[in-house]
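The next block holds one structure in the form of structure tokens; read it before the comments.
The values are calculated or read from the model by the stated rules, or taken from the named source; none is laboratory data. Note that the structure is predicted; figures quoted are calculated from it, not measured. Every residue, glycine among them, receives a Cβ derived from its backbone with ideal geometry; neighbour counts consider all protein chains shown. We work out accessible area using only protein heavy atoms, side chains counted, and drop any ligands, DNA or RNA first. Shrake-Rupley method; radii C 1.70, N 1.55, O 1.52, S 1.80 Å.
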Amino acid sequence: MKNQFIKEAIKLAHQSVHEHHGGPFGAVIVKDNKVIGHGINQVTSHNDPTAHAEIEAIRDACQNIQSFSLEGCTLYASSEPCPMCLSAIYWARIKTVLYANAYEQATQIGFDDQFIFKELSLPHRKKNLSISQIQDKSVLNEALAVFQAWEDSSTKKHY
């Protein structure tokens, strides 16, 4: 059964390439042996750097089951997920990921995520990105008030 789903992800990757949607990546999300979400890389066709196949599959699956949680699902990807997609997979509560092509193979064709993996492990002051907390106390108090409003809300939905 697993081969059927990984082959579907690979077929979607092939579609992405041949229909010029984006990079050579496809993904499907499966729950109870049924595909509930599909995704292809659409970075260049949508001018959206977050439109990776795994993200698109997560969006599709969540819409199809009307939930932000994909607990109990498996993601099948044509290639090992990048750092952004891994983060989204964790947020979606997917516990199992099976993939075909490894990072090393993606690197050979120009998709090298090692820079991002390295950057994520660095303290902010050493990153190639300028990232720091605002120091204005009134602004920080405003931001903290929003968190407090969330904490006090009786209608919040935890995720």
Scan the stretch 94-128 for residues that are in contact with a helix residue (DSSP H, G or I) (Cβ under 7 Å, 6 or more places away or on another chain) and of a type outside the set (Gly, Ala, Ser) and jot them down. VAL97, LEU98, ASP113, ILE116, PHE117, LEU120, LYS127, ASN128
Test for PHE25: is it of a type in the set (Phe, Trp, Tyr) and in contact with a strand residue (DSSP E or B) (Cβ under 8 Å, 6 or more places away or on another chain): yes
Looking only at the stretch 126-134, decide whether some residue is surrounded by fewer than 17 Cβ atoms within 10 Å (Cβ to Cβ) and within 16 Å of ASN41 (Cα to Cα). no
Of the residues that make up the stretch 71-84, is at least one open to solvent by 90 Å² or more (accessible area, probe 1.4 Å) and free of Cβ contacts under 8 Å to residues at least 24 places away in the same chain? no
Using the structure shown, decide if TYR99 is surrounded by 11 or more Cβ atoms within 10 Å (Cβ to Cβ), in contact with a Leu (Cβ under 9 Å, 6 or more places away or on another chain) and not aliphatic (A, V, I, L, M). yes
Grab the helices (runs of 4 or more DSSP H) fully contained in the stretch 68-154, keeping just those with 3 or more residues being at pLDDT below 95 and either touching a Ser or Thr at 6+ places or on another chain (Cβ under 9 Å) or on the phi < 0 side of the Ramachandran plot (or both). 103-108, 114-121, 137-152
Quick check, is TYR90 under 30 Å from PHE5 (Cβ atoms), open to solvent by 100 Å² or more (accessible area, probe 1.4 Å) and in contact (Cβ under 8 Å) with a residue 24 or more places away in the chain? no
Out of the residues in the stretch 1-55 meeting the condition of being over 18 Å from LEU86 (Cα atoms) and part of a loop (DSSP other than H, G, I, E, B), tell me which one is least open to solvent (accessible area, probe 1.4 Å). GLY22
Unique match (being touching a residue at least 60 places away in the same chain (Cβ under 8 Å), in contact with a helix residue (DSSP H, G or I) (Cβ under 6 Å, 6 or more places away or on another chain) and under 23 Å from TRP91 (Cα atoms)) among ILE6, ILE29: ILE29
If ILE109 satisfies all but one of (1) in contact (Cβ under 8 Å) with a residue 40 or more places away in the chain; (2) of a type in the set (A, V, I, L, M); (3) open to solvent by less than 70 Å² (accessible area, probe 1.4 Å), what's the number of the condition it fails? (3)
